[in-house]
Structure formats: structure tokens, C-alpha cells
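First comes the structure, then the notes that go with it.
Values quoted throughout were computed directly from the atomic coordinates according to the rules given, and no laboratory measurement underlies them. Small disclaimer: the values here were computed from a predicted structure and weren't measured. Every residue, glycine as well, gets a Cβ built from its backbone with ideal geometry; the counts of neighbours run over all protein chains shown.
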């Protein structure tokens with residue numbers, strides 16, 4: 001038995017004494033260095049698709065960029081429990097009282113004084129949008145989530161003027177508010193009153209418009225220019241044609257809107273039906289806007305989770 005153990009031990013020790021042959025070639029640490037592959041590593045083709053900005057911005061990838069722009073905002077809004085919104089439109093040029101006062105203080109010529117007075121008169125739109133943002137946030141459900149879902153959260157185009165005012169009122173109420181910004185040749189920066197995590201930026205107007213419309217419970221429109229008119233008529237057309245559900249639409253300052261848009265002429269010329277004028281209401285103050293929304297049956301605190 002001792003001889004067997006001794007022989008077996010010697011075999012094991014013998015195996016340990018024999019080192020396996022080391023491979024030779026490029027993998028051998030002692031071999032000459034391989035050829036330089038830095039050009040391959042730094043080639044754009046070697047980037048992961050998600051890391052390749054040039055690839056993602058190709059014309060052929062536009063459909064994918066549409067999808068990404070929609071999905072990013074949609075997922076983040078869901079994460080925050082935003083079920084429905086009240087959209088507030090209005091001119092980015094509407095001055096705040098602070099801005100109007102600064103204009104008045106710096107006015108030196110008669111023309112500048114006249115301009116400052118005109119802008120000062122428009123601060124009532126800013127103050128009304130601010131008050132409405134506060135009222136809607138306090139009463140509409142933005143501060144009272146149900147099963148984590150918030151309703152009637154103020155949402156704007158995210159810029160200055162009337163948009164800033166509505167976001168400001170919501171912030172002063174302690175509620176979240178949304179800014180759907182757009183990339184423009186002359187960059188529009190977000191106003192400082194949107195909730196940072198709900199401040200978005202879009203390249204495509206179409207995707208921005210979809211987000212403005214898709215979860216809106218109501219539309220409130222303050223005096224504005226081309227952009228405001230575009231958004232207003234987009235929503236009215238969706239409702240007129242039945243492509244969108246009927247939701248309350250309120251125009252602030254009847255005198256302004258009837259001077260800028262001759263709705264009666266559209267009826268007289270047969271371009272719209274008289275019943276189309278029932279798609280919207282007018283209001284003259286923030287409480288009046290909220291009353292119109294209630295009379296039109298604005299939904300809040302109800303409804304199924306968006307799928």
C-alpha cells in the first residue's frame with residue numbers, strides 16, 4: 001500500500017512539475033505589439049447607434065426622432081402622474097408688471113413713452129393669466145392627486161408672457177405646471193416658473209402640438225399673435241371635425257378677439273356654420289374663465305388611467 005501511495009504521489013508531483021506549453025503569437029504577452037486600431041475604435045461606425053448623434057440626425061431617422069420626442073415627454077408625464085391638463089395659450093410678448101415698469105422707467109422719447117403705456121395696458125392679461133393659473137391649480141385637482149394621478153395641471157408653451165404668467169400662478173399655488181418649449185432660430189428659453197422635471201423642449205411642432213392636445217381637459221386662450229392663433233384654430237378644427245373630443249375653449253377679452261377675428265363674417269360667408277360659434281366662450285376675468293369651464297363641464301378627479 002505504501003508503494004502505491006508513493007507512486008501515486010510521485011505522479012501528482014510529476015504533473016505539477018510539468019508546465020503546460022505557453023501559446024505563441026499575438027496573444028502572447030511576449031510577442032511584438034499588435035497594429036494600431038485607434039482609427040477603428042474612433043470611427044463613427046463603431047459607436048453604438050444610441051451614441052451616434054450624426055446617425056440619429058440623418059434624414060432617414062426622422063420617424064424615429066418623432067417617436068423619441070413623443071415618448072420622452074409621455075413617459076415623464078406618466079411618471080409624475082399627470083393625467084389631464086388645462087392648456088393656456090397667449091402671447092410671449094405680454095409683459096409682466098415688472099417688465100412694464102422697467103419700460104416706463106427707461107422711456108426717454110415720446111415714442112418710447114407711448115409704447116410703454118401700450119405695454120402697461122397689456123399687463124392685465126398677464127395678471128389675469130397668473131390668477132387663473134392659481135385658481136385652476138387650487139380647484140381643478142392638480143394639488144389633490146387621486147391614486148397618484150393629477151388632473152387639470154396647468155400646461156403652456158413654456159415661454160414668457162402669458163405662458164409664464166399661468167405657470168407662475170400655478171407655482172404660487174404650490175402646484176406642478178408644465179412647459180412644452182420649442183426650439184426656435186432665436187432660442188426661446190423656458191420661463192422660471194415651470195416645474196423643472198416637467199419642462200420639455202421639442203424640435204418638431206407636430207409632436208409638441210400633440211402633447212398640448214392629447215391630455216387637455218380645456219383650452220384657455222389669452223390675446224396673442226400668429227402662434228396663439230395657430231394653436232387656437234388647431235384645437236377648434238379638431239373639435240369641429242370630430243377628430244377631437246369636445247372640451248371647453250375660453251377666449252379671454254371678447255373685444256380683442258372679435259376685433260382680430262371676424263367670426264360673424266365667417267358665418268355670413270358660409271365658411272363655418274353658426275353652430276361652430278358654440279365651440280368657444282368668452283370671459284373677461286380669471287373667475288369668469290373658471291366659471292365658463294365649470295359650465296362646460298370640465299372634468300376633474302375622474303376618469304380612467306390613460307393607456
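A few notes on this one:
- When Rg and the Kirkwood radius Rh are both evaluated on Cα atoms of the chain, their ratio Rg/Rh stands at 1.35.
- Relative contact order for segment 49-164: 36 percent, from Cα pairs under 8 Å spaced at least 6 residues apart, divided by residue count.
- Between 0 and 90°, nearest 10: helix 226-240 axis offset from the chain longest Cα axis: 90 degrees
- Packing-based order for 162-171, 226-235, using average beta carbon neighbours within 10 Å, highest first: 162-171, 226-235
- At R0 = 22 Å, FRET efficiency that the Cβ-Cβ distance of residue 113 and residue 255 yields, to 0.05: 0.35
- Taking all Cα pairs closer than 8 Å and separated by 6 or more residues, the relative contact order of segment 198-294 comes to 29 percent.
- Spin-label zone in segment 112-152 - amide nitrogen under 15 Å from a point set 7 Å from the Cα of residue 101 along the C-beta vector: 120-121, 123-124, 127
- Between residue 234 and residue 63, the contour length at 0.36 nm per residue exceeds the alpha carbon distance by 59.3 nm.
- 0 to 90° range, to nearest 10: angle between helix 97-106 axis and the chain longest Cα axis: 70 degrees
- Most mobile listed residue (284, 131, 59) in the chain, GNM with C-alpha springs under 10 Å: 59
- When the chain is treated as a GNM with alpha-carbon contacts under 10 Å, the residue of 151, 36, 285 showing the greatest mean-square fluctuation is 36.
- Note on segment 169-200 and segment 224-241: Cα centroid distance 21 Å, given to the nearest whole angstrom.
- Helix 162-172 and the longest principal axis of the Cα set of the chain meet at an angle near 70°.
- Annotation: the antiparallel percentage among DSSP beta bridges lying fully within the chain is about 5.
- Each Cα pair under 8 Å and six or more residues apart adds its separation to the average, and for segment 112-182 the resulting relative contact order is 34 percent.
- The chain: calculated mean residue ellipticity at 222 nm from DSSP helix runs of at least 4, using -39500 (n - 2.57): -13500 deg cm²/dmol
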